[in-house]
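What follows is a set of notes on a single structure, which appears directly below.
What follows draws every value from the coordinates through simple rules; no lab data is involved. Quick caveat, the model's predicted, so the values are computed rather than measured. All Cβ positions, even for glycine, are placed from backbone atoms using ideal geometry, and neighbour counts span all protein chains on display.
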Amino acid sequence: MKKMKFFETMANKNEENNLLRFVVVILTMGLLLEGLLMAYMRKNERTVVVPSYLDRKFYVEGNKASTEYIEMMAKYSVELITNFTPDTVKERVNEFMRFISPTVYKDVSTSLLVMVDEATTYKISQYFIPQKMVMQDNNIQIIGLLRKYTQDKELLVAKAEYRMKFNIEQGRFVIASYEKIEMPDRNDRQAEN
């Protein structure tokens, strides 16, 4: 009788151990599946951002972004280097340089440092009024009216065009090339006089 009870107890313990092994294997597989799913979701995560000053949504997803985001970042970055006073020019150029790709950083930095020196030496203030934005693939053109002043004298009224090539790298707007074209507008100057 005692032998039978012993064998039953052993059989029950073996069945319990098998059940516990099965549960551990299932939990481990679930944990691995959850980890893989979390890694996949992190890689393909889309964040929708709607700050209070925007009237539309945009998204940034890996190396892709909505056109609304690209337009907003292009306009913001151009305004950094086109709207300044002698006191703010250096700070605004430094912030603009955060968007520049490391491959062209030195060239862009050199040209903008000349602009900073000129603005601080001659007390030049400038503002730009964007009138048109054209976006094709990874190229953006922002066309508008540029005005420069030194103290209370107007130095320049010109149509200006800013051309940029951009990339979205890990959700970040990066400027791969930057070019400024000024075309003096004599009609605007004569109309104001």
- Taking neighbour counts of Cβ atoms within 10 Å as a proxy for exposure, in what order, fewest first, do ILE124, ILE175, ILE26 appear? ILE26, ILE124, ILE175
- Anyone know which of VAL25, VAL78, VAL134 comes out most mobile in the 10 Å Cα GNM of the chain? VAL25
- Message: For a quick check: with amide H placed at 1.01 Å from N, whose amide H comes under 5 Å from TYR59's, ignoring anything fewer than 5 positions away on the same chain?
- Response: SER66, TYR69
- Message: Can you give me the long-range amide H partners of LEU156? Hydrogens built in the peptide plane at 1.01 Å from N, cutoff under 5 Å, separation of 5 or more residues or another chain.
- Response: LYS148
- If you project the alpha carbons of the chain onto their three principal axes, what span does each projection cover, largest first, in Å? 119, 30, 30
- Item | Listed residues GLU179, GLU68, GLU34, most fluctuating in the chain (Gaussian network, C-alpha, under 10 Å) | GLU34
- Estimated vicinal HN-Hα couplings, Hz - the stretch 60-70 in sequence order (Karplus 6.51, -1.76, 1.60; Gly, Pro = x): 10, 9, x, 9, 10, 8, 6, 4, 4, 5, 4
- Query: Per-residue HN-Hα couplings for the stretch 37-44, Karplus 6.51 cos²θ - 1.76 cosθ + 1.60 at θ = phi - 60°, whole Hz, x for Gly and Pro?
  - Reply: 5, 5, 5, 5, 5, 5, 5, 10
